[in-house]
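The structure appears right after this line, and notes come after that.
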Amino acid sequence: MTNTTAGAPGDAENSLHNVEFLNRIAERMRVESGSDLPRDYFLQQVRRRLATTGSPYPSKDEKYQSSACFDAWAKPNG
């Protein structure tokens, strides 16, 4: 078993992999959204989602957290 410390070559490699991972997820979010927002916006979204849910991917139920479906059903056309 190897004991790695801060500043060791393994840390730099892990950091590089994490940056690449975040960039891939952010790019995927940008493409799926179809918007012209900057890449940094999506990087922040990925980081925020990781901090709150522990997963960079949306949950299956996340799209149902909006009130839009209820509003369309409950509110009369007007």
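Rule-based calculations on the coordinates, nothing more; no lab input. Quantities reported herein were computed from a predicted structural model and do not represent experimental measurements. For neighbour counting, all protein chains shown are included, and Cβ atoms are generated from backbone atoms with ideal geometry for every residue, glycine included.
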Check your understanding: Given 0.36 nm per residue, what is the gain on full extension from W73 to S55 after removing their alpha carbon distance, in nm?
Key -> 3.3 nm
Practice item. May I ask you to compute the full-extension gain from R47 to N18, defined as 0.36 nm times their residue separation minus their alpha-carbon distance, rounded to one decimal in nm? Key: 9.3 nm
Check your understanding: Which net charge results when you count Lys and Arg as +1 and Asp and Glu as -1 among the other residues whose beta-carbon is under 11 Å from that of E27?
Key -> +2
